[in-house]
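Each remark here refers to the structure printed beneath this line.
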Amino acid sequence: MVNLLDADENELARLLREGELVVAVYGMGYVGTAIAAVWARAGAKVIGVDADSSKVAAFKSCTFRLSDSTVEAELRRLAKKLTYTMSGEEASASSQVKIVTVPIYMNDGEPRFDAFSSAMESIGKGLKRGDLVIIESSVPPRTTIEVAKPILERVSGLVAEDDFGLVYSPERIYVGRAIQDIEERYPKVIGGIGPRSTKAAKALYGVIAKKGVMIVSSPTVAETEKLVEGVYRDVNIALANEVARLCRSLGIDFDEVREAANSQPYSHLHKPGPGVGGSCIPIYPQFLMYTAKRIGVQLDLTSLGRQINVMAAKHVFDLIREAAGIIKATNPRISVLGLAFRGDVDDTRLSPSYDVIKHLLNNGYRNLIVHDPYVVEDRTLRDWNIPLTRDLEASLRADVIAILTDHSEYARLSLMDIGKVNSRVAVVDSRHIIRDWRNPPPNVIYVGIGRPMTGNIHE
């Protein structure tokens, strides 16, 4: 196998395009599957590595199902270029490039490196001179140099930058359009452990990323910028949630305020909601705060923004309780529309819907049903003994309907339609998805985040 650190950039690009490069992708989740598809599209032979035996079996038998239909279609189309295994060591020995997408989770304010470190151990066992290791997982700053590098060097007996390449290059994808994001929408940020690592990664990603490659001075810079992207959104959403509460108290519409404010080119106010979900934005502030604490820096704004967004679920619960009181429902049947953390995906990781539901359960509301057009089953709801359905019509027969996810299917709902299947009903709209909210029929009240209540139900 060619030494990637010694080859010139043209030779590296040729190896990739002509299928002479083998790439192992560690972690075949939302990110890893997209990365595998992209590298296969570019010409590489790809080995997908995952610790989940059922997932590996599904990929091997081509019976897998993914929420991103484009990624699924590409993995099927390019099946001859892809193999799958549970052995990270074998994948490392058989490949020249190893891409790590194994997630790092938080537990009581501390990152859990177990799965990530295990991946590094298995890579190290098969690591060879001239190989390139690329970390794309979102990680606390300094993880590449303080966690990954020591493990790889200890296990392999090789030295980073001298014997093998090591790079941090953050994934920047939006689930549902991942391939387009990687190939077309954003430049690829690369922070190598040294110039040889950086050169090799730049040449390979230059084939893939049409927006080009952005070189930063170190892995720590690349790790930090990735987290700051998410923290910016978290703090901005926190501001939106705070302003929304003010607007509701003032009896004005947040959306009208937002539209006017954002007509000024330096204002980019986001939308409010029931909280922030997914495996990214809720975690990135914690990664930054963890690292900051270790070096004696206090991130007050980052911390406060996270607290505000966590409390957003409690605010939505308060609106649901208020709505149930207005329609005077005894033991109200509450229908939660949306379990996924955002619209038109099946991803429920850290969804604020769970937090709203927990508030309901903890306050004695047990007559609940959850609808989601994309989520087929959910262990948490099963443990809570809450039915999950994909029958929207049945879900609309309720005393209170709480819209927690902005699925396109819900955007087609109207208060008039909802009113036709209920004698009296309250709609709590945490996503501003109901269009006719200003003009509810006589048997419907509307309660929205950052909006005045509309409707007036009489006995």
### Task
Check TYR232 against each of (1) of a type in the set (Ser, Thr, Tyr); (2) surrounded by fewer than 18 Cβ atoms within 10 Å (Cβ to Cβ); (3) under 30 Å from ALA73 (Cβ atoms) and name the one condition it does not meet.
(3)
### Task
With respect to THR70, determine if the residue is closer than 22 Å to ASP346 by Cα, of a type outside the set (A, V, I, L, M, F, W, C) and surrounded by 15 or more Cβ atoms within 10 Å (Cβ to Cβ).
yes
### Query
Could you say whether any residue in segment 194-201 is surrounded by 20 or more Cβ atoms within 10 Å (Cβ to Cβ), part of a loop (DSSP other than H, G, I, E, B) and outside the structural domain of GLY450 (by TED's automatic domain parsing)?
no
#### Entry: From the options ASN241, ASN262, residue that is under 20 Å from LEU301 (Cα atoms), polar (S, T, N, Q) and more than 18 Å from the chain's Cα centre (by Cα)
ASN241
### Query
Quick check: anything in segment 36-51 part of a helix (DSSP H, G or I), of a type in the set (Val, Ile, Thr) and at pLDDT 95 or above?
yes
### Message
Show the residue pairs meeting these rules: Cβ distance below 8 Å; 6+ apart or different chains; first residue within segment 415-426 and of a type in the set (D, E, K, R); second residue surrounded by 19 or more Cβ atoms within 10 Å (Cβ to Cβ).
### Response
ASP417/LEU396; ARG424/ILE327; ARG424/ASP399; ARG424/VAL444
### Query
Looking at LYS211, is it in contact with a strand residue (DSSP E or B) (Cβ under 8 Å, 6 or more places away or on another chain) and either part of a helix (DSSP H, G or I) or closer than 30 Å to ALA292 by Cα (or both)?
no
### Task
Within segment 52-61, identify whether any single residue is in the same structural domain as VAL133 (by TED's automatic domain parsing) and assigned to a strand (DSSP E or B), and answer yes or no.
no
### Summary
Picked from segment 381-440 (must be of a type outside the set (A, V, I, L, M, F, W, C) and in contact with a Phe, Trp or Tyr (Cβ under 7 Å, 6 or more places away or on another chain)), the residue farthest from HIS315 (Cα to Cα) is PRO440
### Task
State whether one or more residues within segment 295-316 are closer than 20 Å to ARG390 by Cα and either of a type in the set (Asp, Glu) or in contact with an Asp or Glu (Cβ under 9 Å, 6 or more places away or on another chain) (or both).
no
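Results for (1) outside any helix (DSSP H, G or I); (2) touching a helix residue (DSSP H, G or I) at 6+ places or on another chain (Cβ under 6 Å); (3) crowded, with 16+ Cβ neighbours inside 10 Å; (4) on the phi > 0 side of the Ramachandran plot, shown as yes or no for each residue.
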residue: VAL228; (1), (2), (3), (4): no, no, no, no
residue: ASN236; (1), (2), (3), (4): no, no, no, no
residue: ALA240; (1), (2), (3), (4): no, no, yes, no
residue: GLU256; (1), (2), (3), (4): no, no, no, no
residue: HIS270; (1), (2), (3), (4): yes, yes, yes, no
### Query
Yes or no: TYR284 among the aromatic types (Phe, Trp, Tyr), crowded, with 21+ Cβ neighbours inside 10 Å and closer than 28 Å to LEU12 by Cβ?
no
#### Entry: Qualifying residue in segment 299-322 (condition: over 23 Å from LYS271 (Cβ atoms) and in contact with a Gly (Cβ under 9 Å, 6 or more places away or on another chain))
no
### Query
Which one of these is of a type in the set (A, V, I, L, M, F, W, C), farther than 28 Å from LEU66 by Cβ, assigned by TED's automatic domain parsing to the domain that holds VAL428 and surrounded by fewer than 23 Cβ atoms within 10 Å (Cβ to Cβ): LEU392, LEU350, LEU304, LEU381?
LEU304
### Query
Does segment 286-295 contain at least one residue that is under 30 Å from LEU66 (Cα atoms) and either polar (S, T, N, Q) or at pLDDT below 95 (or both)?
yes
### Query
Does segment 355-373 contain at least one residue that is under 19 Å from LEU239 (Cα atoms) and among the acidic types (Asp, Glu)?
no
#### Entry: Test result for LEU66, free of Cβ contacts under 8 Å to residues at least 60 places away in the same chain, of a type outside the set (Ser, Thr, Tyr) and either under 21 Å from VAL100 (Cβ atoms) or assigned by TED's automatic domain parsing to the domain that holds LYS202 (or both)
yes
### Task
Would you point out the residue of segment 395-436, among those that are out of contact with any Pro (no Cβ under 7 Å at 6 or more places or on another chain) and part of a helix (DSSP H, G or I), that is nearest to PRO332 (Cα to Cα)?
SER395
### Selected residue (only one of ALA411, ALA402 is within 19 Å of GLY273 (Cα to Cα), crowded, with 20+ Cβ neighbours inside 10 Å and small (Gly, Ala, Ser))
ALA402
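The values are calculated or read from the model by the stated rules, or taken from the named source; none is laboratory data. Predicted model only: the values in this text are computed from it and were never measured. Please note: Cβ atoms are built from the backbone with ideal geometry, for glycine as well, and neighbour counts cover all protein chains shown.
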